[in-house]
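What follows is a set of notes on a single structure, which appears directly below.
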Amino acid sequence: VLNYYTNYYYKSNLRMAASNTSANPSTLLPLELVDKCIGSRMHMTMKNDREIVGVLLGFDDFVNMVLEDVTEYENTPEGRRVTKLDQILLHGSNITMMVPGGEGPIGQ
């Protein structure tokens, strides 16, 4: 359901923005880049100093994301805590950086 609505609104937004990018066809809009990453592994840094790595299943206009095969890395005073999850819905306003194809933090 998330992908259906995402694609509907996303494509209508692309049509409106097409006139802005027609001069340079290599220009990618941010959501266009995220759309190309569906099915790929993503490494995300969150506002709360957590890092999340998972396969992107879908997203919406607010960049809320559904990920599967997820690993969450959290730095605590006791050391790094690693949590494995099957699937999550990630709220887009908490994401500070996304790395397509990222494998996770260094020194896992």
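Throughout, read-outs are computed from the coordinates displayed, never taken from laboratory work. What you are looking at is a predicted structure, and each value in this text was computed from that prediction instead of being measured. Positions of Cβ are backbone-derived with ideal geometry, glycine not excepted, and every protein chain shown enters the neighbour counts.
Structural remarks
- Anisotropy class of region 54-108 from Cα gyration tensor, a/c 1.5 cut: prolate
- Using 0.36 nm per residue and subtracting the Cα-Cα separation, the extra length available between ARG81 and ASP61 on full extension is 4.1 nm.
- Under 9 Å, Cβ to Cβ, from ARG81 - net charge with Lys/Arg +1 and Asp/Glu -1: -2
- Rounded to 0.05, the FRET efficiency of the LEU89 and LEU28 pair, given R0 = 30 Å and the Cβ-Cβ distance, is 0.75.
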